[in-house]
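Everything below concerns the one structure shown next.
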Amino acid sequence: MIPFNKATVTPLEEKYLVDALRNSKLSGDGKYTMKVYEELRQRFGYENVLLTTSGTTALEMTALLIDLEPGDEVIVPSFTFSSTVNAFMLRGAVPVFCDIREDTFNIDENLIEGLITPKTKAIYCVDYAGVPCEIDVINEIADRHGLYVIEDAAQSIGSTYKGKFTGNLAEFSCFSFHETKNYVMGEGGAIVFNDEKYLDRAEIIREKGTNRRQVLKGLVDKYTWYDIGSSFLPSDLLAAVLYAQLERYDEIMEKRVSIWNAYHEGFAPLEEMGLLRRARVPENVTHNGHMYNIVLPSDMVRSGLIDHLKSKGIMAYICYVPLHSSPMGLKLGYKPSSCPVTEDMGLRVLRMPLYYDMSEEDVALVIRETSGYLTGQVK
Ligand SMILES: Cc1ncc(COP(=O)(O)O)c(C=O)c1O
């Protein structure tokens, strides 16, 4: 059986978890959370970073921090996870779905300006498959129109755009450390902002609207209610798991990228035969090996290949069902034709298994079975 995804857990994660249980706090902001912040600061240069209970709640925090209000419009790709959009819809803001680029499946930066109205407040862009979006262009449009840019970097930790790590590219970035991501803490995430002015309020929002964090920092002796907020602070036990993962940063990154490269090489002959399209990565970015995608000629070929791989114990996954044509998207008045590239790719993209413990033999088997099916050698 080759699962679609599997987290890597070693004795190091166990060691830190047990140490956190015995010697740290069970609630948040204990010694492992602080170690994670230091690690993220040193490795990626994040000065203002807070761990959150998920990538979803990191996104929800951004909607609170930029004071989105009912009726505000937010430009967002439809080819994303529901969390990107729920985050601001919970504040009453309205999604304006933008189509994607055919190569990266990221928001098509050339279409953004045409969607801006006097009600537009923000652009939520997504680094699909860990490949950063064309952020310079997006930031430049946002600057000209006075909009916020929030990068949903749930999948792109460690990726770079023009030599800079994600998390340093937009005003806000949100990461996920969910079990399915490259570096995991079970359920968890982080919000990073480039301007320190957001820090105090972000800490309050993350702590149920109180200034409890200031008590922990020894700045005040009692805490009270300052703002709206929620329970967005993760347990230090989970931070201990993440800290172990970050200590293994290079080995995890190298292994994932090597599997990605093996797929890329293995699928080259199929691309030459016109049987699939391989993943595409623009020259100005590097990726973190989060996902390997192929694009098949049709929905039917994709379904057939999924079934064939499943019969061999290999789990491949269809990525996203576009949000604009999902039941909720239709309820909001969108039509499948609103984002034609998204609609088309939503039917043809296939995500191959990729995880740290995947052996070379398993990768070779996935390539072999895919080749066999697509060249008609097996049914
Ligand atoms: C693009 C994107 N945004 C947001 C999320 C939400 O992250 P989490 O599962 O940590 O809440 C995910 C994770 O699945 C994602 O892939």
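Run Val149 past the list (1) over 21 Å from Arg41 (Cβ atoms); (2) within 16 Å of the ligand (Cβ to nearest atom); (3) in a loop (DSSP other than H, G, I, E, B) and report the number of the one that doesn't hold. Val149 satisfies every listed condition except (3). All conditions but one from (1) under 17 Å from Leu26 (Cα atoms); (2) modelled with pLDDT of 95 or more; (3) touching a helix residue (DSSP H, G or I) at 6+ places or on another chain (Cβ under 7 Å); (4) open to solvent by 20 Å² or more (accessible area, probe 1.4 Å) apply to Ala239; the one that does not is (4).
Residues that are open to solvent by 60 Å² or more (accessible area, probe 1.4 Å) and either under 17 Å from the mean Cα position of the chain (by Cα) or within 16 Å of the ligand (Cβ to nearest atom) (or both) do occur in the stretch 83-103. Being surrounded by 15 or more Cβ atoms within 10 Å (Cβ to Cβ), of a type in the set (D, E, K, R), touching a helix residue (DSSP H, G or I) at 6+ places or on another chain (Cβ under 7 Å) and assigned to a helix (DSSP H, G or I) is a property that Arg256 lacks.
Being surrounded by 17 or more Cβ atoms within 10 Å (Cβ to Cβ), under 25 Å from the mean Cα position of the chain (by Cα) and in the same structural domain as Arg280 (by TED's automatic domain parsing) is true of Ala262.
Put simply, of Asp103, Asp152, Asp136 the only residue that is in the same structural domain as Ile66 (by TED's automatic domain parsing) and farther than 15 Å from Glu171 by Cβ is Asp103. The set of residues in the stretch 162-175 that are open to solvent by 10 Å² or more (accessible area, probe 1.4 Å) and either in a strand (DSSP E or B) or near the ligand (Cβ under 9 Å from one of its atoms) (or both) comprises Lys164, Phe165.
Which of (1) without any contact (Cβ under 8 Å) to a residue 60 or more places away in the chain; (2) farther than 17 Å from Ile191 by Cβ; (3) in a loop (DSSP other than H, G, I, E, B) is the odd one out, the single condition Asp143 does not satisfy? Asp143 satisfies all of (1) without any contact (Cβ under 8 Å) to a residue 60 or more places away in the chain; (2) farther than 17 Å from Ile191 by Cβ; (3) in a loop (DSSP other than H, G, I, E, B) except (3).
So that you can scan it fast, the table gives a plain yes or no per residue for (1) among the hydrophobic types (A, V, I, L, M, F, W, C); (2) over 19 Å from Thr62 (Cα atoms):
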{"site": "Ile100", "(1), (2)": "yes, yes"}
{"site": "Asn106", "(1), (2)": "no, yes"}
{"site": "Ile112", "(1), (2)": "yes, yes"}
{"site": "Gly130", "(1), (2)": "no, yes"}
{"site": "Glu140", "(1), (2)": "no, yes"}
{"site": "Glu171", "(1), (2)": "no, no"}
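Of all residues in the stretch 98-107, one or more are in contact with a helix residue (DSSP H, G or I) (Cβ under 6 Å, 6 or more places away or on another chain), in a strand (DSSP E or B) and of a type outside the set (Gly, Ala, Ser).
Of the residues making up the stretch 67-82, those that are crowded, with 24+ Cβ neighbours inside 10 Å, part of a loop (DSSP other than H, G, I, E, B) and more than 9 Å from the ligand (Cβ to nearest atom) are Ser78, Phe79. Against the conditions (1) assigned to a strand (DSSP E or B); (2) touching a His at 6+ places or on another chain (Cβ under 9 Å), Leu354 satisfies every one except (1). Taking Leu64, is it in a loop (DSSP other than H, G, I, E, B) and within 23 Å of the chain's Cα centre (by Cα)? So Leu64 does not fit the description; no.
Residue-level check: of (1) more than 28 Å from Leu115 (Cα to Cα); (2) among the β-branched types (Val, Ile, Thr); (3) buried (at least 18 other Cβ atoms within 10 Å of the Cβ), Val285 misses just (1).
Checking the conditions here, which among Glu179, Glu207 is assigned by TED's automatic domain parsing to the domain that holds Phe232, more than 16 Å from the ligand (Cβ to nearest atom) and modelled with pLDDT of 95 or more?
Result: Glu207 is the single residue among Glu179, Glu207 that is assigned by TED's automatic domain parsing to the domain that holds Phe232, more than 16 Å from the ligand (Cβ to nearest atom) and modelled with pLDDT of 95 or more.
With respect to the conditions (1) of a type in the set (A, V, I, L, M, F, W, C); (2) touching a Ser or Thr at 6+ places or on another chain (Cβ under 6 Å); (3) assigned to a helix (DSSP H, G or I), Met34 falls short on a single one, namely (2).
The values are calculated or read from the model by the stated rules, or taken from the named source; none is laboratory data. Not measured: the values here are computed from a predicted model. Positions of Cβ are generated from backbone atoms using ideal geometry, with glycine treated the same way; all protein chains shown enter the neighbour counts. Note: areas computed on protein heavy atoms with side chains; ligands, DNA, RNA excluded. Shrake-Rupley method; radii C 1.70, N 1.55, O 1.52, S 1.80 Å.
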